[in-house]
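The values are calculated or read from the model by the stated rules, or taken from the named source; none is laboratory data. The structure displayed is predicted, hence computed values, not measured ones. No Cβ is skipped: glycine too gets one built from the backbone with ideal geometry, and neighbour counts run over all protein chains shown. Ligands, DNA and RNA are excluded from the accessible area calculation, which covers all protein heavy atoms including side chains. Shrake-Rupley method; radii C 1.70, N 1.55, O 1.52, S 1.80 Å.
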Amino acid sequence: MKFLGNDMITIENGVLKIDGYDGNKLAKEYGTPLYVMSENQIIRNFKSYEDAFKKYVEETGREFILCYAYKANSNLAITKLLSKLGCGADVVSGGELYIAKLSNVPSEKIVFNGNCKTKDEIIMGIENNIRSFNVDSIGELILINEIAKEIGTVANVAFRINPDVNPKTHPKISTGLKNNKFGLDVQSGIAMRAIKMAKEMENINIVGIHCHIGSQLTDISPFIEETKKVMDFIVELKNEGIEIEDVNLGGGLGVPYHKDKEIPNQYYLADAIIGTIMEYKDKVDLPNLILEPGRSVVATAGVLLGKVHYIKETPCAKWVMIDAGMNDMMRPAIYEAYHEIIPCVLREEKEVVNIAGGLCESSDVFGKNRKLPKVEVGDIIAILDVGAYGISMANNYNARGRPRMILTRNRGHHIIRERETYGELIAKDIVPDHLL
Ligand code: LLP
């Protein structure tokens, strides 16, 4: 049996296997809840981008750089793996920049996003001589210029424009609409004003235009519209005597969470973006191309395993209670996100159930009305495609330690993140003397 997007999931003799390893055995060895990440699947996802976009380099002689969005999953083993493959980093905080440096990502492959970079983060970015700050406001531009001046250097900046493109995704993960908080509006002239200001600044080096319209895009047309708007703007800039080296089109390619619906992959994306940029080859010098995908690099490489502790019937449903919860993986609770759920032992008989975690919240439900092979107490349940925005959004709600994470590879598996202990849960709390 095949699962769209994740070649690592197979069903053999009624048992779910992850990268060839029996999910039940992994759960027994490492305990639950457990994140399982597949090294092979991450490599495949990354290589699909490289392979799909190499024709841009061949046709234009310019660079193509993939800056993996650390927010999707910034586990050090994963960032090191990607860095070893030659991948860059899209960071949005001092913490992520720290992890990128620790992962040996070269400075010229690090871009810094975010709409509220602090002074300390800007200093850190300048001192590390990153490829670009993706500037989100005029205030930020002024601050970067001041800090660069104090340090006695020149900072590289790209401008995040807001193109007002509908990404046709969940409203909570749309970012490039006029009413979103991100970017410099193009239509009203704010973006142009910011860039003209930058041109006059002594400590700013204008390197690029950046754009990101949203996440989990399952339709290619918004990417085409985005690329056109960016390229039109670059033509306008050229007319003003401003040359652009880098075009960064952000991330956003979706993954097939629903296994019955095929969605465009990296190759469709590459054809759409490259085809659109090529239409401008007589109008401007073609730029280096940067992308910042997060989800499509790691989502399909991750599985969350939880153990069934109770099965109970209410007048409305049969509930399967597992020891993974919304604190471990928030996506269903906050975005009503769909994730495929499969028991690791697949019995013949089927039944319709709700699968829930054990937190005291009614939104702590991973799936409702799912027709699954019958499960029993003690069974292991797999929640698929959780490699992105799973552990990175996990938290300690209900005083639950975040789960252990392992990495599977051809030759065995390794723990890449330890389970948090009770002691760690209170390690940062301080009890004043009068309460001792
Ligand atoms: N670049 C920028 C500037 C971004 O804001 C994002 C994601 C990315 C790149 C990566 O986008 P991706 O390729 O992963 O779609 N927590 C949400 C997703 C929030 C995405 C925020 N920005 C979720 O679980 O669906």
>> Explain nothing, just the number: dipole magnitude of the stretch 62-293 about its Cα centre with +1 on each Lys and Arg Cβ and -1 on each Asp and Glu Cβ, in debye rounded to the nearest 20.
In response: 520 debye
> Which residues' amide hydrogens lie under 5 Å from the amide hydrogen of Lys318, considering only partners 5 or more residues apart or on another chain, with H built in the peptide plane?
Replying inline: Asn354
> List the lysines whose alpha-carbon lies under 22 Å from that of Lys178, not counting same-chain residues fewer than 8 positions away?
Replying inline: Lys117, Lys168, Lys196, Lys228, Lys229
> If you line up the Cα atoms of the stretch 295-391 on their principal axes, what length do they span on each, largest first, in Å?
Replying inline: 38, 29, 19
>> Give me the percent of accessible area attributable to carbon and sulfur for the stretch 62-293, probe 1.4 angstrom.
In response: 50 percent
>> Given the options Asn13, Met192, Tyr30, identify the residue whose Cα lies farthest towards the positive end of the charge dipole of the chain (+1 on Cβ of Lys, Arg; -1 on Cβ of Asp, Glu).
In response: Asn13
> Name the trypsin sites (Lys or Arg not before Pro) in the stretch 252-337 that are in a loop by DSSP and that have at most 16 other C-beta atoms within 10 Å, would you?
Replying inline: Lys261, Lys281, Lys283
>> To check you understand DSSP bridge types, tell me what percent of the beta bridges within the chain (both residues inside) are antiparallel, rounded to 5.
In response: 50 percent
>> Which of Ala337, Ala191, Ala317 ends up with the largest GNM mean-square fluctuation for the chain, with Cα atoms connected below 10 Å?
In response: Ala317
> Against the longest alpha carbon principal axis of the chain, how many degrees, from 0 to 90 and to the nearest 10, is the axis of helix 221-239 turned?
Replying inline: 20 degrees
> What's the angle, to the nearest 10 degrees (0 to 90), between helix 138-151's Cα axis and the longest principal axis of the chain?
Replying inline: 80 degrees
> Rounded to the nearest 20 Debye, what is the dipole magnitude of the chain about its Cα centre when Lys and Arg each give +1 and Asp and Glu each give -1 at the C-beta?
Replying inline: 940 debye
> What does the convex hull of the Cα atoms come to per residue for the stretch 326-436, in Å³?
Replying inline: 152 Å³
>> Please compute the Kirkwood hydrodynamic radius of the stretch 1-158 from all pairs of different C-alpha atoms, in Å with one decimal.
In response: 18.0 Å
> Roughly what % antiparallel, to the nearest 5, for the DSSP beta bridges in the stretch 62-293?
Replying inline: 5 percent
> Cα axis of helix 266-278 to longest principal axis of the chain: angle in degrees, 0 to 90, nearest 10?
Replying inline: 10 degrees
> What spacing in nm lies between the two simple spin-label points modelled at Ile43 and Asn179, each 7 Å away from Cα in the Cβ direction?
Replying inline: 4.7 nm
>> Can you find, among Gly95, Ala148, Ile224, the residue sitting farthest towards the positive end of the charge dipole of the stretch 62-293, where Lys and Arg contribute +1 and Asp and Glu -1 at Cβ?
In response: Gly95
> Just the accessible area per residue of the chain, please: how many Å² with a 1.4 Å probe?
Replying inline: 44 Å²
> What GluC sites (Glu not before Pro) in the stretch 290-369 are in a loop by DSSP, with at most 13 other Cβ atoms within 10 Å of the Cβ?
Replying inline: Glu336, Glu348, Glu349
> Using every alpha carbon pair in the stretch 62-293, what percent of pairs falls into each 10 Å bin from 0 up to the bin containing the largest distance?
Replying inline: 8, 34, 38, 18, 2, 0
> What are the ³J(HN,Hα) values, in whole Hz, obtained from phi via the Karplus relation 6.51 cos²θ - 1.76 cosθ + 1.60 with θ = phi - 60°, for each residue of the stretch 183-200 in sequence order, with x given for Gly and Pro?
Replying inline: x, 9, 5, 7, 4, 7, x, 5, 4, 4, 4, 4, 6, 5, 4, 4, 4, 8
> With springs only between Cα atoms under 10 Å, which of Thr175, Thr314, Thr118 fluctuates most in a Gaussian network model of the chain?
Replying inline: Thr314
> What does the convex hull of the Cα atoms of the stretch 299-354 come to per residue, in Å³, rounded to a whole number?
Replying inline: 116 Å³
> So who's got an amide H within less than 5 Å of the one on Asn248, skipping anything under 5 residues away but keeping other chains? H placed 1.01 Å off N, in plane.
Replying inline: Ile209, His210, Cys211, Ile290
> Dividing the convex hull volume of the alpha carbon atoms of the chain by its residue count, what do you get in Å³ per residue?
Replying inline: 166 Å³
> Could the peptides 199-208, 402-411 be put in order, highest first, of the mean number of other beta-carbon atoms found within 10 Å of their residues?
Replying inline: 402-411, 199-208
